[in-house]
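As structure tokens, the structure follows; a few thoughts come after it.
What follows draws every value from the coordinates through simple rules; no lab data is involved. These figures come from a predicted structure and were not determined experimentally. Glycine gets a Cβ as well: all are built from the backbone with ideal geometry, and neighbour counts include every protein chain shown.
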Protein chains: 2
Amino acid sequence: MKKALLLLLTLFLVQLSHAEDGYRLWLRYNHIDNNKLLLSYRKTITAIHVAGQSPTMDAVKKELELGLNGLLDTKIAVTSRPGGNTIIAGTREALTTSKLLPQGAQVPADGFLITTNVANGNTIITANTATDILYGAFHLLRLIQTHQSIENLHIISSPRVKLRLLNHWDNLNRYVERGYAGISIWNWHTLPDYIDDRYTDYARANASVGINGTVLNNVNANATVLTAPYLQKVAALANVLRPYGIKVYLSARFSAPIEIGHLKTADPLNDSVRQWWQAKAKEIYQLIPDFGGFLVKANSEGQPGPQSYGRSHADGANMMADALSPFGGIVIWRAFVYDPQANDRFKQAYAEFTPLDGKFRKNVLVQVKNGPIDFQPREPFSPLFGAMPRTPLMMEFQLTQEYLGQGTHLVYEAPLFKEVLNADTYAKGPNSTVAKVIDGSLYDHSLSGIAGVSNIGNERNWTGHLFGQANWYAFGRLAWDYTLSSEQIATEWIQQTFSNDPTVVVSIKQIMLASREAVVNYMTPLGLHHIMGNGHHYGPAPWSNNAPRPDWDPVYYHKADAKGIGFDRTASGTNALQQYQTAVQQLYADSNTCSDQYLLWFHHVSWQHKMHSGRTLWNELCHKYQEGVDTVGAMQHKWEQLKNNIDPERFHQVQMLLAIQHKDAIWWRNVCLLYFQTFSQMPFPANYEKPDHTLEYYQQQRFPYAPGN
Amino acid sequence: MKKALLLLLTLFLVQLSHAEDGYRLWLRYNHIDNNKLLLSYRKTITAIHVAGQSPTMDAVKKELELGLNGLLDTKIAVTSRPGGNTIIAGTREALTTSKLLPQGAQVPADGFLITTNVANGNTIITANTATDILYGAFHLLRLIQTHQSIENLHIISSPRVKLRLLNHWDNLNRYVERGYAGISIWNWHTLPDYIDDRYTDYARANASVGINGTVLNNVNANATVLTAPYLQKVAALANVLRPYGIKVYLSARFSAPIEIGHLKTADPLNDSVRQWWQAKAKEIYQLIPDFGGFLVKANSEGQPGPQSYGRSHADGANMMADALSPFGGIVIWRAFVYDPQANDRFKQAYAEFTPLDGKFRKNVLVQVKNGPIDFQPREPFSPLFGAMPRTPLMMEFQLTQEYLGQGTHLVYEAPLFKEVLNADTYAKGPNSTVAKVIDGSLYDHSLSGIAGVSNIGNERNWTGHLFGQANWYAFGRLAWDYTLSSEQIATEWIQQTFSNDPTVVVSIKQIMLASREAVVNYMTPLGLHHIMGNGHHYGPAPWSNNAPRPDWDPVYYHKADAKGIGFDRTASGTNALQQYQTAVQQLYADSNTCSDQYLLWFHHVSWQHKMHSGRTLWNELCHKYQEGVDTVGAMQHKWEQLKNNIDPERFHQVQMLLAIQHKDAIWWRNVCLLYFQTFSQMPFPANYEKPDHTLEYYQQQRFPYAPGN
């Protein structure tokens, strides 16, 4: 006993030198620190039985062992002959054969069933596929990590959306566009021969929240990724991700037939071009039999596309779809297009894409950003949702915080995601939510998808800001089931990432849930949008008016003048509003009834405009900016109180970042109010903090190496 | 007892989920796994007493606690009243006052004394400065980590070289020139407000091997680092590094007065320019009172410099030196210059710099790369060593493996460093080694320095290849004491990084010690040099002949033709040899007596030339390339046998990298032999492996995203 104690003391001290570095994400599997609960779990789980062998079933076994051994602090036996109190994982087929499936068990078509066999205390994780069992295994581990009861379980869980993808905007030189967490985790140079441990841990993390696909390279694509040496590298990654149910996709450069195929054209109706893509698809599928397909950004921001040949987006997408179709691949065609000549960037995607509805092949999805402009802190939903009934539309969210404080602000994005998904398009009458467009139910599409632009890089903690992990987590959870609440997801994430200590959970949850409205307020309250620095998009620069394109300039969006501020998108303006259903139009059309949140999205209103609060627009603007700053101050305060409840490494990291966020919030407030004041000519209301620098001071600041650009 | 056991079991299992990720470098401080030894250490060390308080003495205390608690598996008390068996750390002054210094203790002027007070079993670590005590503390911890006896210690250790610096070739956008380990650890964007834990761990690692300075930014410098906002960031880093005895230096762009000072010239004799640098120095020292100084790359590879104004390197260096001198700063002026018009790049640095000997200010060092060309697998020592008696010359080694397999080859560089340091310049007769030039002893210089171009990046294990850590370690150890043997340094590094298991130590040491000659043989045997791919320097490309400058082309260096191969640098050629002392010339002048290692550095010899082995040159070339490949094969074999002695993560990583190295060695062999065969027209000797591709196949390969360029 003494010897054992000594040995353990030894091993304990070893682990002291391991700081909490964030690498383990939400899959930390630390021991259950509630002794009663620990003993109860140990009673319920005495062994693991995994039926059948395959790379995915091996992953199930490995994860259950890693998780349970860690959580239950004891070596759980793996048995081939399950008695009672055993975790049993196997397909419906396998468990039926071995008579381990309880009678009458309802296994869903997609997703998993976790059910307790009360007769013998076994916990059954079953599904039609091994991947769905893996999701069930992660679900069970999550229940334990979050201290839920696992007695008498009967859980049926099915994904609402079929394709749940990350989009990596990662270049082949490892630079990540809009990346704030180091460089790409894909080390193309050392692939295919060197397989970084991160690749497996990436797969585990994604599978744990149900993400089942990843686009490895930037939508601003480089054709080199489609050459033979790079496809070998892609195949090596596919081999690592496959056991975890994750398919690889590639962003395909439309002009690849010219650049690497040495053809003279990339015209989608040209026979040589079509044959080139067909041959390329065949080459890919020989290496990667379950290759997912292509993501394409075409005729957007300088990218090549079918319009260069007088063809439509549908011509381009269908050509690629035809090449992939024999192998089961799909094309995801992005709708993020806008023309510098147009009078309102808001309207472009709708104008170009709605006429093409019904013209796409069956294996094409059109991927639409959540809002009409570009991942702002708050946007109304894109009018394309509900406007293309014959085309499956895929949602594109941005996890990386290009416009949300980048690598240094704590902004929990689930409320943003849910706001969009819950928005009602009225496309088929009330309750035609965006979510129902995306999951395919509104128009009965069997293909459905949702994408998150990744915030992952090679920094030790994956996302740079520790709380970026929560956005990756929340994206996956909502892609699987968008009815989960932001609060519920935050709770689970905190419990797994930090602790089940109620003080920690409650305080961090308050911080997280306040954070999205905070960033809206200190950056772009009342419907302001796109007023940040050009290019790098770092910090405020509402005065900017010399970008290569007017629709990249803040002044294009806020249109502040002596009379007022905001973009008139009503009938008296660009009438972008008309792209929505009448019921939606009615919500926004009148500046007196339009909610404050969207006011300046749709109206140019006078500085004196009376807001719902009773304040003038100018005073409300001052109020909102200050509110944003104050919220960050409150977040800081809450965090400080957790000093003794959180490990020192992570406590200090987040503490420093919150201080930066607070400084930045003040910067945004000062800059925007000083600048807009040059138009409003109105005084700052009393009792608010006053800017401590002049507008000129702020205008002279330069950020030549702001990351991600 | 049972409860304690349970608790410890708990904590033990937590640590299971921590994989060996290499982050802790050689400072792992895992428990002593030899029980007898453990008990003996515990007997010798029962408490820690640190005399005096300062940031550095606090670092001493923290490190002793972290290290001893880990190694001895028990909480070592920190006491203010040391009894016996206590580690006592304090300056000579403090310990004299408190009467803790044993009578007659010889404290060295620089460096530390560790001595056992036999009367009470106390172990005293003392020195004149807190930083030297820190070095002593690390030394003691190293003794324990490597299972040395700590009874009756009497160790006096003084550094042989004063300035022991890392040079980071890190750009402000975090791209690292010739970096193969991710991007820069300096996150300029989040500085000064966010202090990454890595900064402290970087400081600890450096201090542990005596490195006392770091140049934060690339010698291809950007003047922005000298602007006020960036100096704030530099100051924040200086604050983190200072307690660990590490001064910060900056690479200064010579044209900064134009670029950020808005002057019209950077002429070093111009008054405004001189004043600008004086003011800049003052500004820097106000923020960083112990700022080290400037490193300057001038008039080299397109960098600006004094020659643009008709001034000399001395004029430029002295102008900066005058600006820094009031504050105690120094200028490190690089001698890496070469002119595309010249007939032999080898000769340029000597030609430009020897006439300036004696013309530099007292606070200037001239930093010379170890060889005359550029960090090749093997070079003769630079003829500048010993040729500038009135100027302190600083050594520049390259830790990052630009020409040594970059991020994927295991090459232990200590033998390379020592080969140069031990080389005899004969400048003042026999035994005028390069080391004696560098340490200042040959010409009695009080300033002395040695620099290593860093191989550090933001990858989890710091150096990308785990064995890159050994080069960082070896550099520091040799900078402190170049008389240490490569084997001795390898042994300690292995013991600290992997284990004290003799099987592990012996096998890895064999691998490491064989690795440098292996890379010479499979890349550039017999004195070949600079025959790798242009730009990225990745892989072989001996045919390359179209670089923007001829002296960047492999054909410039190997000069292969029908008659033979090699660069004639004797009197019948460029006579570069004349730059050496006569005794050195005699070593190399005759192709029949010149050692094989340097033959093609100095001679163009016929393919039939008879080598010392009796083989023809052509056959010897084939033999050497094959030997290089075979050595890597043997390294792989040795590693495989350690499968059960090393944690699976690191075992597998190195296994994959060795496989890449073997493939690459074969690639080098095949390419070089196929190419040189087009000149020699001689057959491959029997019994060697034959190339499996044609020369054309190899020539068509492209590596557009090879890193570090």
**Message:** Placing unit charges on C-beta atoms (Lys and Arg positive, Asp and Glu negative, everything else neutral), compute the dipole magnitude of chain A about its Cα centre in debye, rounded to 20.
**Reply:** 1220
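Give me the percent relative contact order of segment A:239-288, please, defined on Cα pairs under 8 angstrom at least 6 residues apart. Please list the in-between numbers first.
Working: 22 pairs, mean separation 9.8, N = 50.
Dividing the mean separation by the residue count of segment A:239-288 yields 20 percent.
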**Message:** Taking the Cα centroid of segment B:486-540 and of segment B:159-221, what is the distance between the two, rounded to the nearest whole Å?
**Reply:** 24
**Message:** Under 20 Å between alpha carbons, and skipping anything fewer than 8 positions from B:Lys643 in its own chain: which lysines qualify?
**Reply:** B:Lys509
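Grab the eigenvalues of the alpha-carbon gyration tensor for segment B:163-497, scale each by 5, take roots, and send me the semi-axes largest first in whole angstrom. Mind showing how you got there, number by number?
Values: eigenvalues 158, 134, 63 Å².
Working from the Cα gyration tensor, I get semi-axes of 28, 26, 18 Å.
Might you report the magnitude of the Cβ-based charge dipole of the protein assembly as shown about its Cα centre, with Lys and Arg at +1 and Asp and Glu at -1, to the nearest 20 debye?
Numbers: 122 positive and 120 negative charges, 336 e Å.
Roughly 1620 debye, rounded to the nearest 20.
Give me the net charge of A:Leu642's neighbourhood, meaning all other residues with Cβ under 11 Å from the Cβ of A:Leu642; Lys, Arg count +1, Asp, Glu -1.
Details: positive: A:Lys638, A:Lys643, A:Arg650; negative: A:Asp501, A:Glu640, A:Asp647.
In short, 0.
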**Message:** Given points 7 Å out from each Cα along the Cα-Cβ axis, report the A:Arg81 to A:Lys643 separation in nanometres with one decimal.
**Reply:** 5.9
**Asked** Over segment B:20-157, what relative contact order in percent results from Cα pairs under 8 Å that are six or more residues apart?
**Response** 25
**Prompt:** Any idea which of B:Ala414, B:Ala323, B:Gly468 is furthest toward the positive side of the dipole for segment B:163-497, if Lys and Arg beta-carbons carry +1 and Asp and Glu beta-carbons -1?
**Reply:** B:Ala323
**Item:** Under 20 Å from A:Lys610, Cα to Cα: lysines that are on another chain or at least 8 residues apart
**Value:** A:Lys559, A:Lys563, A:Lys624
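Where Lys and Arg each count +1 and Asp and Glu each count -1, what net charge lies around A:Gln303 among other residues with Cβ under 10 Å from its Cβ? Don't jump to the answer; show the numbers that get you there.
Numbers: positive: A:Arg253, A:Lys297, A:Arg334; negative: A:Glu301.
Once all neighbours under 10 Å are counted, the net charge is +2.
Taking 26 Å as the cut-off for C-alpha to C-alpha distance, list the pairs among B:Lys280/B:Lys359; B:Lys264/B:Lys297; B:Lys61/B:Lys418 that go past it. Could the numbers behind the result be given before it?
Working: B:Lys280/B:Lys359 24 Å; B:Lys264/B:Lys297 21 Å; B:Lys61/B:Lys418 34 Å.
Where the Cα-Cα span goes over 26 Å, the pairs concerned are B:Lys61/B:Lys418.
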**Request:** Indicate, rounded to the nearest 5 percent, the antiparallel portion of the DSSP beta bridges found entirely in chain A.
**Result:** 25
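Per-residue Cβ counts within 10 Å, from other chains only, averaged over B:659-666: what number is that? Let's see the in-between values first.
Details: counts 2, 3, 1, 0, 1, 1, 0, 0.
Average per residue, whole number: 1.
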**Asked** Rounded to the nearest 5, what is the percent of antiparallel bridges among the DSSP beta bridges in the protein assembly as shown?
**Response** 25
**Message:** Taking the Kirkwood radius as the inverse of the mean 1/r across Cα pairs, report the Rg/Rh of chain B.
**Reply:** 0.98
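If you put +1 on each Lys and Arg Cβ and -1 on each Asp and Glu Cβ, how big is the dipole of segment A:32-111 around its Cα centre, in Debye rounded to 20? Spell out each step's value before the answer.
Values: 9 positive and 7 negative charges, 68 e Å.
My answer is approximately 320 debye.
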**Asked** Any number yet on Rg/Rh for segment B:20-157, C-alpha, Kirkwood?
**Response** 0.95
**Fill in**
Ordered by fewest other Cβ atoms within 10 Å, a rough proxy for footprinting exposure, B:Ser507, B:Ser454 read B:Ser507, B:Ser454
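How big is the Rg/Rh ratio for the protein assembly as shown, C-alpha atoms only, Rh by Kirkwood, two decimals?
Working: Rg = 33.6 Å, Rh = 34.6 Å.
A ratio of 0.97.
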**Fill in**
Spelling it out for A:Ala89: with amide H atoms placed in the peptide plane at 1.01 Å from N, the residues 5 or more places away or on another chain with amide H under 5 Å from its amide H are A:His49, A:Val50, A:Ala51, A:Ile125
**Prompt:** Once Lys and Arg get +1 and Asp and Glu get -1 on their Cβ, which of B:Val225, B:Val161, B:Leu141 lies farthest toward the positive end of the dipole of segment B:135-251?
**Reply:** B:Val161
**Item:** Reachable aspartates and glutamates from B:Lys162, criterion Cα separation under 16 angstrom, eight or more residues apart if same chain
**Value:** B:Asp110, B:Asp132, B:Asp290, B:Glu396, B:Asp439, B:Asp444, B:Asp481
**Prompt:** Stretched out fully, how many nm does the piece from A:Ala686 to A:Asn575 gain, at 0.36 nm a residue minus the Cα gap?
**Reply:** 36.2 nm
**Asked** Taking +1 at the Cβ of each Lys and Arg and -1 at the Cβ of each Asp and Glu, which of A:Phe254, A:Leu658, A:Leu101 sits farthest along the dipole of chain A towards its positive end, judged by Cα position relative to the Cα centre?
**Response** A:Leu101
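Rounded to the nearest 500, what is the 222 nm mean residue ellipticity of the protein assembly as shown from helices alone, with -39500 (n - 2.57) per DSSP H run of 4+ residues and division by all residues?
Numbers: 44 runs with 536 residues, N = 1418.
My calculation for the protein assembly as shown gives -12000 deg cm²/dmol from helical runs alone.
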**Message:** Could you list A:Thr483, B:Thr214 so that the one with the fewest beta carbons within 10 Å of its beta carbon is first and the one with the most is last?
**Reply:** A:Thr483, B:Thr214
**Residue-count net charge about B:Asp692 - beta-carbon cut-off 15 Å; Lys, Arg +1, Asp, Glu -1** = 0
